[in-house]
């Protein structure tokens, strides 16, 4: 299933970028987050780390310079580690685990933008805040779609003889 989530993480952004909506709706994050909820940590980390880099190499988006692809790799680590630990291991409520995960990802984004902007001699706080605001439509969509998808996919995985791990 890791390959499926990786393929989705490469394909979804292309569809959104056709309409100029990629950075607002965060399409790569949907399959990355789902992998954190549904797969092992090792496989979901591969999805999180490989998808931004592979997409950058194949399509130029996210760009390698400025290093947005690397920022997205760091965000991806949080987006899979959060659900894996909070939901799969600690059994924290799906909504709370998603909220904590997104909070962690937003902090990583803000800190990354501030550090990179100092390196590039740009106004870091302004760029960081604008990046946070620009992603709000995607965050709303994440909160609307990820919890029901996780519940439905988990049910399918548990009842499928091909997908169940037990």
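Between a first residue in region 139-166 that is assigned to a helix (DSSP H, G or I) and a second residue that is modelled with pLDDT of 95 or more and surrounded by fewer than 13 Cβ atoms within 10 Å (Cβ to Cβ), which pairs have beta carbons less than 7 Å apart while being 6 or more apart in sequence or on different chains?
147/95
What number of residues in region 48-67 are crowded, with 20+ Cβ neighbours inside 10 Å and under 16 Å from residue 105 (Cα atoms)?
Just the residues of region 48-67 that are crowded, with 20+ Cβ neighbours inside 10 Å, to begin with: 48, 51-52, 55-56, 62.
When the remaining residues are screened for being under 16 Å from residue 105 (Cα atoms), the result is 48, 52.
Count: 2.
Restricting attention to region 83-99, report how many residues are surrounded by fewer than 17 Cβ atoms within 10 Å (Cβ to Cβ) and on the phi < 0 side of the Ramachandran plot.
Of the residues in that region, 7 qualify.
Can you find a residue that is under 20 Å from residue 34 (Cα atoms) and out of contact with any strand residue (DSSP E or B) (no Cβ under 9 Å at 6 or more places or on another chain) anywhere in region 111-124?
No - not one qualifying residue is present in region 111-124.
Quickly run through region 66-90 and pick out the residues that are under 18 Å from residue 17 (Cβ atoms) and not in a helix (DSSP H, G or I).
Answer for region 66-90, where residues must be under 18 Å from residue 17 (Cβ atoms) and not in a helix (DSSP H, G or I): just 66.
Can you tell me which residue is farthest from residue 66 (Cα to Cα) among those in region 114-124 that are in a helix (DSSP H, G or I) and in contact (Cβ under 8 Å) with a residue 12 or more places away in the chain?
Of everything passing the filter in region 114-124, 114 is farthest from residue 66 (Cα to Cα).
Of all the residues that make up region 123-139, how many are within 16 Å of residue 104 (Cα to Cα) and surrounded by fewer than 16 Cβ atoms within 10 Å (Cβ to Cβ)?
Total meeting the criteria: 4.
Here is a check on your reading of the model: is residue 127 free of Cβ contacts under 8 Å to residues at least 60 places away in the same chain, more than 17 Å from residue 83 (Cβ to Cβ) and either assigned to a helix (DSSP H, G or I) or touching a helix residue (DSSP H, G or I) at 6+ places or on another chain (Cβ under 6 Å) (or both)?
yes
The values are calculated or read from the model by the stated rules, or taken from the named source; none is laboratory data. Everything quoted here is computed from the prediction, not taken from an experiment. Counting neighbours? That spans all protein chains shown, and the Cβs are built from the backbone with ideal geometry, glycine included.
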